[in-house]
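See below for the structure under consideration.
The values are calculated or read from the model by the stated rules, or taken from the named source; none is laboratory data. Since the model is a prediction, treat every value here as computed from it, not as a measurement. Quick reminder, even Gly has a Cβ in these numbers, built from the backbone with ideal geometry, and neighbours come from all protein chains shown.
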Amino acid sequence: MTKLNKLFLSLFVLAGLAGSAIAQTALTQTTLSAAVTDPKATAIVVASATGINAPSVTLGNPATILVVDDEAMAVNSVSGTTIFVTRGYDGTKAVNHVSGSIVTVGTPSQFTEYDPDGSCTAGATVKPYINLRTGRNWLCDATTGVWLPVLSTGSITPAASSAAIQTAGQAFTLNGVISGEPLVVINQPAPTSLCPLVAARATAANQVTLYFTTLTAAACTPAAGTYMFEVPRLTIGGAGAP
């Protein structure tokens, strides 16, 4: 093999590795196992510490950022499911959080301080893409290549239906939604074949009710995961307008 061919092969391999490094990644999510009742508290307890890493001793920079409600926290150390953190990271405000709050886990590079603009490639970003300064969530539309401001339930686990052949609603937190406004489901976990999502309504401030229909003679459990919604109000006057 000539030196030139070897060079082209090396560049091809490196390009492939770079492409795999930026493949679309769904950020890990867990929940708080205990309420955080003091803005100065530096230890929180989570249901799962998967993906939560302490910083490198040699580099000293945060390896993991946690986002709870609109507060970002830098992870300092990990002891089981107890996480020691720096509160109010990157200019966010340290506030109290209730038990069960969604905790989004990622590396510093997987978050942003700016609202995205222009076109996007779905395979080259994380979802959701979170602006730490505003708390806004964004999703790249794979069809149009356009950034969509979205509201997210975080990772939720709907309950099994209580009876067969029925449609039942279950309420979940959806921060930022206004009661009665229209919602468009733009991302959801693969639906359970016999227990699909059939409707979503903003039934109260910061609350969405998801309606699942049981299509079998026995009760079934809807799909667990993250449900994301586009709200027409957010795109008026420009993407992400409040």
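Consider region 122-145. How many of its residues are touching a strand residue (DSSP E or B) at 6+ places or on another chain (Cβ under 7 Å) and β-branched (Val, Ile, Thr)?
The qualifying residues number 3.
Kindly establish whether LEU183 is over 22 Å from VAL105 (Cα atoms) and crowded, with 16+ Cβ neighbours inside 10 Å.
In short, yes.
Between THR203, THR167, THR221, THR213, which is crowded, with 17+ Cβ neighbours inside 10 Å and among the hydroxyl-bearing types (Ser, Thr, Tyr)?
Selected residue: THR213, the only one of THR203, THR167, THR221, THR213 that is crowded, with 17+ Cβ neighbours inside 10 Å and among the hydroxyl-bearing types (Ser, Thr, Tyr).
Do we find that SER119 is assigned by TED's automatic domain parsing to the domain that holds THR213 and small (Gly, Ala, Ser) in this structure?
no
Looking only at residues in region 120-175 that are charged (D, E, K, R) and touching a helix residue (DSSP H, G or I) at 6+ places or on another chain (Cβ under 9 Å), which one is nearest to THR25 (Cα to Cα)?
Per the stated criteria, the residue is ASP141.
Hey, any hits in region 127-143 for a residue that's crowded, with 17+ Cβ neighbours inside 10 Å, among the charged types (D, E, K, R) and modelled with pLDDT of 90 or more?
no
Failed condition for ALA94, given (1) in a loop (DSSP other than H, G, I, E, B); (2) closer than 26 Å to MET228 by Cβ, with all others met?
(2)
For THR144, are the conditions met, namely being among the hydroxyl-bearing types (Ser, Thr, Tyr), in contact (Cβ under 8 Å) with a residue 60 or more places away in the chain and farther than 20 Å from PRO196 by Cα?
Spelling it out, it is not the case that THR144 is among the hydroxyl-bearing types (Ser, Thr, Tyr), in contact (Cβ under 8 Å) with a residue 60 or more places away in the chain and farther than 20 Å from PRO196 by Cα.
Inspect all residues belonging to region 226-238 and state whether any of them is modelled with pLDDT of 90 or more, hydrophobic (A, V, I, L, M, F, W, C) and exposed (fewer than 14 other Cβ atoms within 10 Å of the Cβ).
No, because not a single residue in region 226-238 is modelled with pLDDT of 90 or more, hydrophobic (A, V, I, L, M, F, W, C) and exposed (fewer than 14 other Cβ atoms within 10 Å of the Cβ).
Do we find that VAL68 is among the aliphatic types (A, V, I, L, M), touching a His at 6+ places or on another chain (Cβ under 8 Å), without any contact (Cβ under 8 Å) to a residue 40 or more places away in the chain and surrounded by 15 or more Cβ atoms within 10 Å (Cβ to Cβ) in this structure?
yes
Please verify whether region 112-119 includes one or more residues that are outside any strand (DSSP E or B), over 23 Å from LEU197 (Cβ atoms) and in contact with a strand residue (DSSP E or B) (Cβ under 6 Å, 6 or more places away or on another chain).
Checked against the condition, which is being outside any strand (DSSP E or B), over 23 Å from LEU197 (Cβ atoms) and in contact with a strand residue (DSSP E or B) (Cβ under 6 Å, 6 or more places away or on another chain), region 112-119 yields at least one hit.
Conditions tested, residue by residue: (1) modelled with pLDDT of 95 or more; (2) surrounded by 13 or more Cβ atoms within 10 Å (Cβ to Cβ).
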{"residue": "PHE8", "(1), (2)": "no, no"}
{"residue": "LEU17", "(1), (2)": "no, no"}
{"residue": "SER20", "(1), (2)": "no, no"}
{"residue": "SER79", "(1), (2)": "yes, no"}
{"residue": "VAL85", "(1), (2)": "yes, yes"}
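Name the strands (runs of 3 or more DSSP E) wholly within region 137-242 that hold at least 2 residues that are within 20 Å of ASP115 (Cβ to Cβ)?
Per the criteria, 137-140, 147-156, 184-187, 225-230.
Pick out, from region 48-87, the strands (runs of 3 or more DSSP E) lying fully within it that include 1 or more residues that are out of contact with any helix residue (DSSP H, G or I) (no Cβ under 8 Å at 6 or more places or on another chain) and among the small types (Gly, Ala, Ser).
The strands (runs of 3 or more DSSP E) meeting that bar are 71-79.
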